[in-house]
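Coordinate-derived values only; no laboratory data. Only a predicted model underlies this, so the values are computations on that prediction, with no experimental measurement involved. FYI the Cβ positions are ideal-geometry reconstructions off the backbone, even for glycines, and counts take in every protein chain you see.
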Amino acid sequence: MILSTHLRGVRFGLAAGLTGLCLLTADASAQFIDNTADIPSGNPGNNSASENVDFGDVDNDGDWDAVFADGGDSTRDQNRIWINQGGLQGGTKGVFLDDTNARFPSLNDQSRDIEFVDFDGDDDIDIYVSNTSTIVAETNRWWRNTGVHSGTYVDETSTRWVNLAGPNSSIPTADVLAMGFLDFSCDCDFGDLDNDGDMDLFHSTYGGQFNGNVPSRIFLNDGNGFFEEFNPSGYKLPNRNITNGAPGLWCEGTQQADTTNITGANCDIASSALDIDLGDIDGDFDLDVLHGARQELPRLFQNRLEENGGTLGFRDITGTFPAGYSQGDGHYEQEMGDMDGDGDLDIYGLNWDVFFGLNDIVLENDGTGIFFNQQTLSGSGSDDNEGDFLDYDLDGDLDIFVANFSGTDRLYRNDNNGGGSGFSFTNVSGSQLPGLSAIALDADTCDVDGDGDYDIIVANDNGTRNYYFENTIRNNGSGPQDTFAPYIPHVEQAPSRSAGPAATVVRAQVYDNAAYYITWYNETWLEVKVNGGSATIVPMKSSGGQIFRGEIDGNLVGNITYQVFSEDEYGNQGSSAILSYVATGGGALGTPMCEGDGSDGTNCQCANNSTLGAGEGCLNSQGHGAILVASGSASIGADNLVLSISQARPGQPTLFVQGTTAIAIPFKDGKLCMGNPTLRMGVEFLDPTGSASTSFSIVTEGNISLPGTVRYYQAWYRDPGPGSVCGQGSNFSGGLELTWMP
């Protein structure tokens with residue numbers, strides 16, 4: 001039986017005793033090698049009590065850096081950062097140097113997890129640290145990245161928590177600390193839970209001594225990186241533990257431990273959670289919660305944002321899992337990924353099946369969030385701690401690396417090859433991995449050396465060095481390449497709408513043959529067209545899970561088509577189907593000016609126009625004033641603005657005109673509204689209703705190049721014969737002032 005002083009277990013005796021001592025021997029030709037030359041050695045840069053490792057590009061220089069949560073239940077320690085020496089460092093990509101003293105706040109704490117997230121929306125990655133309070137009272141911490149190319153962090157914990165003792169907080173007053181609140185946190189996750197464009201926090205806890213009675217909580221981002229608890233129940237706990245019958249805080253119904261009710265009457269938001277995963281499991285583009293539980297059964301919460309018409313709420317749907325999906329205890333971790341390539345999230349459950357061994361399982365998603373086809377991974381009966389997805393053999397599907405608490409780590413080859421139906425896994429640990437044994441607590445995967453394949457760093461406990469398993473499949477560039485493009489099977493259908501200032505939000509599911517935290521960095525965008533015109537590029541940002549989010553200009557008018565594109569770090573580009581919606585309500589762009597009703601203080605040449613409507617020019621032979629409106633967008637990059645005149649003289653020519661200054665001078669039957677100089681921009685003929693639109697590029701013709709440029713627009717038209725007010729033969733529409741955007 002393998003025992004550890006690490007409090008993450010008293011591990012589970014019978015199962016660990018039967019399986020934990022079975023070590024695999026690595027083949028001499030293993031694909032992964034134990035690279036000790038390119039990482040720090042010795043303490044403190046390595047050889048500490050590492051609980052967690054995460055990859056991220058902290059200085060935005062195009063390579064992957066690594067951060068480590070150190071300490072945990074056994075000690076208070078300094079978290080560490082290894083900087084990849086490619087990019088701004090000007091060295092060799094894949095060589096790491098410890099730069100903790102220069103880049104991290106100097107403090108020791110009991111860290112269990114460290115997460116990258118851009119919590120303040122400034123396009124660099126910040127850090128959130130999850131701590132436990134086993135030794136002293138600790139709070140989780142917020143570390144802000146001080147600049148896009150900085151990679152240097154400052155502790156802002158004291159200001160990022162909001163109203164912890166306020167009326168919306170469920171936290172008992174006794175647990176509120178000077179800089180946060182006391183907790184026993186092992187893993188937290190970030191995602192845009194309420195679809196407002198910023199990253200919110202799902203905060204889990206395992207409770208003191210793993211009692212599993214302290215609730216998980218949600219904290220919403222205010223858009224600037226300040227976090228307040230989402231607690232629509234308004235209930236404040238009288239003490240640290242939540243009891244049966246209490247409101248479910250952020251979840252429908254009342255608290256009931258181990259409930260299988262799926263109607264919203266009950267929920268269980270308190271368990272000994274060591275891992276949290278966010279992702280869209282049911283295909284409605286919001287983020288659901290796969291909630292780990294060490295001693296109880298893992299749980300599943302459905303985000304009801306769409307069902308509630310945009311009001312955030314969650315329902316406990318754990319009871320939809322198939323019978324026997326998990327048993328026993330020791331469920332330390334789980335991951336979600338599209339293991340069969342069919343466009344939905346499947347589940348890998350580490351130690352989910354605890355009977356005569358701590359077996360790992362996989363579950364298949366039917367596309368609606370119902371899981372089936374449970375399989376046990378061969379040779380998985382040892383006591384594991386973390387699983388991560390990667391495509392180690394570059395065949396396009398997700399393989400699984402397992403960090404083993406009780407022996408050698410393992411590797412499973414996915415034999416699906418992107419087939420889109422079912423999956424099966426082969427244990428290839430003995431032939432592909434170094435035969436090393438340690439107390440591994442976490443692993444992360446990415447292409448650290450930039451050679452085109454996916455490598456692994458393993459975080460080890462008890463003063464054992466952390467491993468860098470370098471993938472050698474590329475063989476100095478002569479082996480296979482990652483030629484698999486991201487795939488985008490599902491894109492949100494935008495509803496038809498009236499034009500206005502509110503953006504049209506579009507979300508998409510983006511998958512790739514890499515861990516989700518690598519796909520988050522894919523350059524992803526929308527291509528938007530108005531009435532078949534030129535494409536406008538709209539950037540999309542990760543919302544967490546497999547969801548990306550973009551905002552289309554709400555002022556666009558016409559038939560709007562859009563398509564999602566995503567490109568991975570190797571230049572493989574995937575695209576979605578093309579979708580469309582209709583936006584009506586022309587005239588939303590620009591400010592009317594120089595109208596015929598004399599509102600500018602200048603009357604028309606020959607007639608009293610006081611009865612004219614807003615935006616109309618001077619009275620014409622049709623008994624109206626002509627109106628000029630703009631549709632599309634006043635974006636230089638989009639170059640899709642369309643000017644349209646209506647209520648003019650049918651069948652006559654009309655000339656669209658641009659000016660750089662606003663004037664109001666009576667001219668012919670109307671008023672000239674712009675000048676200094678004026679630019680004639682194209683002649684069209686008015687249709688039988690007296691309407692016409694431009695068919696040219698205003699940006700090109702009008703020489704618009706600088707954001708903030710203000711231009712004035714009007715349309716002249718012929719109005720000869722009977723009914724012409726002044727008998728001068730021509731008139732003008734009302735004017736329009738536009739400020740051009742990037």
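Across every pair of different alpha-carbon atoms, what Kirkwood hydrodynamic radius in Å does the range 313-372 reach?
12.3
Give a residue-ordered list of calculated ³J(HN,Hα) values for the range 535-548 (Karplus: 6.51 cos²θ - 1.76 cosθ + 1.60, θ = phi - 60°; whole Hz; x for Gly, Pro).
7, 9, 8, 10, x, 10, 10, 5, 9, x, x, 9, 9, 10
Specify, per residue and in Å³, the volume enclosed by the convex hull of the alpha carbon atoms belonging to the chain. Let's see the in-between values first.
Details: hull volume 129.5 nm³, N = 742.
In the chain, the Cα hull volume divided by residue count equals 175 Å³.
Using θ = phi - 60° and the Karplus form 6.51 cos²θ - 1.76 cosθ + 1.60, what ³J(HN,Hα) does each residue of the range 482-493 get, whole Hz, x for Gly and Pro?
For the range 482-493, the Karplus-derived couplings read 7, 10, 8, 6, x, 10, 10, x, 9, 10, 5, 7 Hz, x marking Gly and Pro.
For the range 380-503, I need the span (max minus min coordinate) of the C-alpha atoms along each principal axis, in Å, sorted largest to smallest.
62, 36, 31
Got a sec? Charge dipole of the range 170-321, +1 on Cβ for Lys and Arg, -1 for Asp and Glu; which of T243, G191, Q255 is way out at the positive end?
T243
Can you list residues whose amide H is under 5 Å from G151's amide H, if they're 5+ apart or on another chain and H is modeled 1.01 Å from N?
For G151, whose amide H was placed from the backbone, the distant partners under 5 Å are T146.
Work out the P(r) tail for the range 553-605: percent of alpha carbon pairs separated by more than 14 Å, whole number.
Everything past 14 Å amounts to 70 percent.
What list of ³J(HN,Hα) couplings, whole Hz, do you get for the range 400-415 from phi and the Karplus terms 6.51, -1.76, 1.60, once you set θ to phi - 60° and write x for glycine and proline?
For the range 400-415, the Karplus curve yields 10, 9, 10, 7, 9, 6, 10, x, 7, 5, 10, 9, 10, 8, 7, 9 Hz.
Would you mind checking which residues have amide H under 5 Å from D288's amide H? H placed 1.01 Å from N; only 5 or more apart, or other chain.
G279, D280, I281, N303
Sort largest first and round to whole Å: the equivalent ellipsoid semi-axes of the range 408-478, each the square root of five times a Cα gyration tensor eigenvalue.
The equivalent ellipsoid of the range 408-478 has semi-axes of 23, 18, 11 Å.
Do me a favour and compute the ellipsoid semi-axes for the range 480-625 from its Cα gyration tensor, root of five times each eigenvalue, largest one first, whole Å.
One finds semi-axes of 48, 13, 12 Å for the range 480-625.
Along the charge dipole of the chain, pointing to its positive end and built from +1/-1 on Cβ of Lys, Arg, Asp and Glu, which listed residue (F219, Q209, I665) has its Cα farthest out?
The residue sitting farthest along the positive end of the dipole is I665.
Going by average Cβ density within 10 Å per residue, which order do the peptides 565-578, 289-302 take, highest to lowest?
So the peptides 565-578, 289-302, ranked by packing, come out 289-302, 565-578.
How big is the charge dipole of the chain about its Cα centre, in debye rounded to the nearest 20, if each Lys and Arg gets +1 on its Cβ and each Asp and Glu gets -1 on its Cβ?
On the way: 32 positive and 106 negative charges, 573 e Å.
The dipole of the chain has a size of about 2760 debye.
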